[in-house]
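Inspection log for the structure reproduced underneath, given as C-alpha coordinates.
The values are calculated or read from the model by the stated rules, or taken from the named source; none is laboratory data. Every value quoted in this text rests on a predicted model; they were computed, and no experiment measured them. Cβ placement follows ideal geometry from the backbone for every residue including glycine, while neighbour counts extend to all protein chains displayed. In case anyone asks, the SASA skips ligands and DNA or RNA and just uses the protein heavy atoms, side chains included. Shrake-Rupley method; radii C 1.70, N 1.55, O 1.52, S 1.80 Å.
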Amino acid sequence: MKKIAVINGPNMNLLGRREPDRYGSLTLEAINARIEAEAAALGAECEFFQSNLEGEIVTAIQGAWDADGVILNAAAYTHYSVAIRDAVAAIAAPVVEVHMSNVHAREGFRRRSLIAPVCAGSISGFGAAGYSLALLALLKCHAGEGP
Ligand code: DQA
(Lines give C-alpha, C1' and ligand atoms only; values in the text may rest on other atoms or scores of the structure.)
Protein backbone atom coordinates (compact mmCIF):
# COMPACT_ATOMS: atom_id res chain seq x y z
CA MET A 1 0.00 0.00 0.00
CA LYS A 2 1.34 3.43 -0.93
CA LYS A 3 2.03 5.82 1.92
CA ILE A 4 1.34 9.54 1.71
CA ALA A 5 2.26 12.05 4.43
CA VAL A 6 0.00 15.09 4.78
CA ILE A 7 1.73 17.91 6.64
CA ASN A 8 0.15 21.23 7.57
CA GLY A 9 1.86 24.24 9.08
CA PRO A 10 0.95 27.11 11.38
CA ASN A 11 -2.66 28.20 11.90
CA MET A 12 -4.02 25.38 9.76
CA ASN A 13 -5.40 23.88 12.99
CA LEU A 14 -7.80 26.85 12.99
CA LEU A 15 -9.46 25.94 9.68
CA GLY A 16 -13.22 26.24 9.90
CA ARG A 17 -12.88 29.22 12.22
CA ARG A 18 -10.00 31.06 10.56
CA GLU A 19 -10.98 33.65 7.88
CA PRO A 20 -13.78 31.42 6.51
CA ASP A 21 -14.30 33.74 3.53
CA ARG A 22 -10.79 32.90 2.43
CA TYR A 23 -10.23 29.37 3.70
CA GLY A 24 -13.76 27.94 3.78
CA SER A 25 -15.76 26.32 6.56
CA LEU A 26 -14.23 22.84 6.70
CA THR A 27 -12.07 21.97 9.68
CA LEU A 28 -8.66 20.36 9.15
CA GLU A 29 -10.09 17.16 10.66
CA ALA A 30 -12.85 17.12 8.03
CA ILE A 31 -10.39 17.76 5.21
CA ASN A 32 -8.10 15.01 6.51
CA ALA A 33 -11.00 12.55 6.76
CA ARG A 34 -11.86 13.26 3.14
CA ILE A 35 -8.28 12.77 1.97
CA GLU A 36 -8.04 9.55 3.96
CA ALA A 37 -11.16 8.17 2.22
CA GLU A 38 -9.95 9.28 -1.22
CA ALA A 39 -6.54 7.73 -0.59
CA ALA A 40 -8.09 4.44 0.54
CA ALA A 41 -10.13 4.32 -2.70
CA LEU A 42 -6.86 4.71 -4.61
CA GLY A 43 -5.05 2.03 -2.59
CA ALA A 44 -3.04 4.39 -0.40
CA GLU A 45 -2.89 5.30 3.24
CA CYS A 46 -2.14 8.67 4.80
CA GLU A 47 -0.36 9.91 7.87
CA PHE A 48 -1.43 13.34 9.06
CA PHE A 49 0.60 15.93 10.92
CA GLN A 50 0.02 19.57 11.82
CA SER A 51 2.22 21.89 13.84
CA ASN A 52 2.62 25.57 14.49
CA LEU A 53 6.35 25.05 15.08
CA GLU A 54 8.97 25.17 12.33
CA GLY A 55 11.30 22.52 13.82
CA GLU A 56 8.45 20.05 14.30
CA ILE A 57 7.50 20.45 10.64
CA VAL A 58 11.12 19.86 9.62
CA THR A 59 11.15 16.66 11.70
CA ALA A 60 7.86 15.50 10.17
CA ILE A 61 9.24 16.06 6.65
CA GLN A 62 12.38 14.10 7.53
CA GLY A 63 10.15 11.32 8.90
CA ALA A 64 8.45 11.05 5.51
CA TRP A 65 11.77 10.33 3.75
CA ASP A 66 10.62 7.02 2.30
CA ALA A 67 6.95 7.85 1.80
CA ASP A 68 5.49 7.59 -1.69
CA GLY A 69 4.68 11.26 -1.50
CA VAL A 70 4.21 14.26 0.77
CA ILE A 71 1.41 16.82 0.60
CA LEU A 72 2.73 19.95 2.30
CA ASN A 73 0.94 23.16 3.19
CA ALA A 74 3.71 24.92 5.09
CA ALA A 75 1.40 27.96 5.44
CA ALA A 76 3.30 31.13 6.38
CA TYR A 77 6.61 29.24 6.60
CA THR A 78 6.37 28.75 2.83
CA HIS A 79 7.46 32.33 2.36
CA TYR A 80 10.57 32.40 4.53
CA SER A 81 11.67 29.06 6.01
CA VAL A 82 15.03 27.94 4.66
CA ALA A 83 14.93 25.02 7.12
CA ILE A 84 11.69 23.64 5.65
CA ARG A 85 12.97 24.14 2.12
CA ASP A 86 16.15 22.22 2.97
CA ALA A 87 14.12 19.37 4.50
CA VAL A 88 11.98 19.14 1.35
CA ALA A 89 15.11 19.12 -0.81
CA ALA A 90 16.73 16.45 1.37
CA ILE A 91 14.12 13.70 1.38
CA ALA A 92 13.68 11.07 -1.30
CA ALA A 93 9.88 11.40 -1.44
CA PRO A 94 8.27 13.78 -3.95
CA VAL A 95 6.57 16.74 -2.27
CA VAL A 96 3.54 18.62 -3.60
CA GLU A 97 3.09 22.13 -2.21
CA VAL A 98 -0.53 23.07 -1.48
CA HIS A 99 -2.11 26.41 -0.66
CA MET A 100 -5.85 26.73 -0.19
CA SER A 101 -5.87 30.36 -1.28
CA ASN A 102 -4.38 31.67 -4.51
CA VAL A 103 -1.16 33.02 -3.04
CA HIS A 104 -0.35 34.78 -6.34
CA ALA A 105 -3.47 36.94 -6.02
CA ARG A 106 -2.60 38.13 -2.49
CA GLU A 107 0.07 40.27 -0.85
CA GLY A 108 3.44 40.45 -2.57
CA PHE A 109 5.24 38.55 0.20
CA ARG A 110 3.01 35.50 -0.44
CA ARG A 111 4.05 35.29 -4.09
CA ARG A 112 7.48 34.07 -3.10
CA SER A 113 7.73 30.42 -2.11
CA LEU A 114 11.08 29.13 -0.90
CA ILE A 115 9.65 25.64 -1.15
CA ALA A 116 8.26 25.61 -4.71
CA PRO A 117 11.64 25.19 -6.48
CA VAL A 118 12.35 21.96 -4.58
CA CYS A 119 8.82 20.51 -4.90
CA ALA A 120 7.49 18.21 -7.61
CA GLY A 121 4.73 20.77 -8.17
CA SER A 122 2.45 23.32 -6.54
CA ILE A 123 -1.33 23.71 -6.24
CA SER A 124 -2.77 27.03 -5.11
CA GLY A 125 -6.22 28.57 -5.08
CA PHE A 126 -8.59 25.58 -5.06
CA GLY A 127 -9.46 25.52 -1.36
CA ALA A 128 -9.69 22.15 0.34
CA ALA A 129 -9.83 20.46 -3.08
CA GLY A 130 -6.15 21.33 -3.44
CA TYR A 131 -5.27 18.48 -1.07
CA SER A 132 -7.29 16.02 -3.19
CA LEU A 133 -5.60 17.30 -6.35
CA ALA A 134 -2.20 16.86 -4.72
CA LEU A 135 -3.11 13.30 -3.76
CA LEU A 136 -4.07 12.54 -7.36
CA ALA A 137 -0.86 14.15 -8.60
CA LEU A 138 1.24 11.95 -6.31
CA LEU A 139 -0.63 8.72 -7.01
CA LYS A 140 -1.31 9.14 -10.73
CA CYS A 141 1.83 10.82 -12.05
CA HIS A 142 4.51 8.26 -12.54
CA ALA A 143 8.12 9.28 -12.18
CA GLY A 144 10.04 9.32 -15.43
CA GLU A 145 7.04 9.84 -17.69
CA GLY A 146 7.82 13.52 -18.07
CA PRO A 147 5.28 16.32 -18.21
C1 DQA B 1 -1.79 29.36 2.97
C2 DQA B 1 -1.25 30.66 2.35
C3 DQA B 1 -0.18 31.26 3.23
O4 DQA B 1 0.29 32.47 2.65
C5 DQA B 1 -0.75 31.59 4.59
O6 DQA B 1 0.26 32.09 5.44
C7 DQA B 1 -1.44 30.45 5.22
C8 DQA B 1 -2.28 29.57 4.39
C9 DQA B 1 -2.95 28.76 2.16
O10 DQA B 1 -3.26 27.58 2.36
O11 DQA B 1 -3.56 29.47 1.34
O12 DQA B 1 -1.42 30.27 6.43
O13 DQA B 1 -0.74 28.40 2.97
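Which helices, counted as full DSSP H runs in the chain, have an axial Cα extent of no less than 18 Å and a Kyte-Doolittle average of -0.5 or above? Can you show the working numbers first?
On the way: long enough: 28-41 (20 Å, 0.36).
Helices passing the filter in the chain: 28-41.
Please calculate how many Å² of accessible area region 36-147 carries per residue, with a 1.4 Å probe and no DNA, RNA or ligand atoms counted.
Working: 5560 Å² over 112 residues.
Value returned for region 36-147: 50 Å² of accessible area per residue.
Starting from the Cα of K2, step 7 Å along the direction of its Cβ; do the same at L136; then give the gap between the two resulting points in nm.
1.3
Just want the answer: with Cβ charges of +1 for Lys and Arg and -1 for Asp and Glu, which residue in A39, G108, G125 is farthest toward the dipole's positive end in region 2-142?
Of the options given, the answer is G108.
Just subtract the alpha-carbon distance of E107 and A37 from 0.36 nm times their residue separation and send over the number in nm, one decimal. Each step should come with its number before you reach the end.
Values: separation 70, 0.36 × 70 = 25.20 nm, distance 3.42 nm.
Gain on extension, E107 to A37, equals 21.8 nm.
Could you tell me how many cubic angstrom of Cα convex hull volume the chain has per residue?
Values: hull volume 14.7 nm³, N = 147.
Once divided by residue count, the hull of the chain is 100 Å³.
For region 73-143, which trypsin sites (Lys or Arg not before Pro) are in a loop by DSSP, counting at most 12 other Cβ atoms within 10 Å?
Here the sparse-neighbourhood loop sites are R111, R112.
If R₀ is 22 angstrom, what is the calculated FRET efficiency for the pair R17 and A76, using the beta carbon separation as r and rounding to 0.05?
On the way: r = 17 Å, r/R0 = 0.77.
Once the sixth-power term is evaluated, E becomes 0.80.
Please find the FRET efficiency linking S25 to D66, where r is the Cβ-Cβ separation and R0 is fixed at 41 Å, and quote it to the nearest 0.05. List each step's numbers first, then the result.
Numbers: r = 35 Å, r/R0 = 0.86.
Efficiency, rounded to the nearest 0.05: 0.70.
Using a Gaussian network model of the chain with C-alpha springs under 10 Å, which one of G16, G69, G43 is most mobile by mean-square fluctuation?
It is G43.
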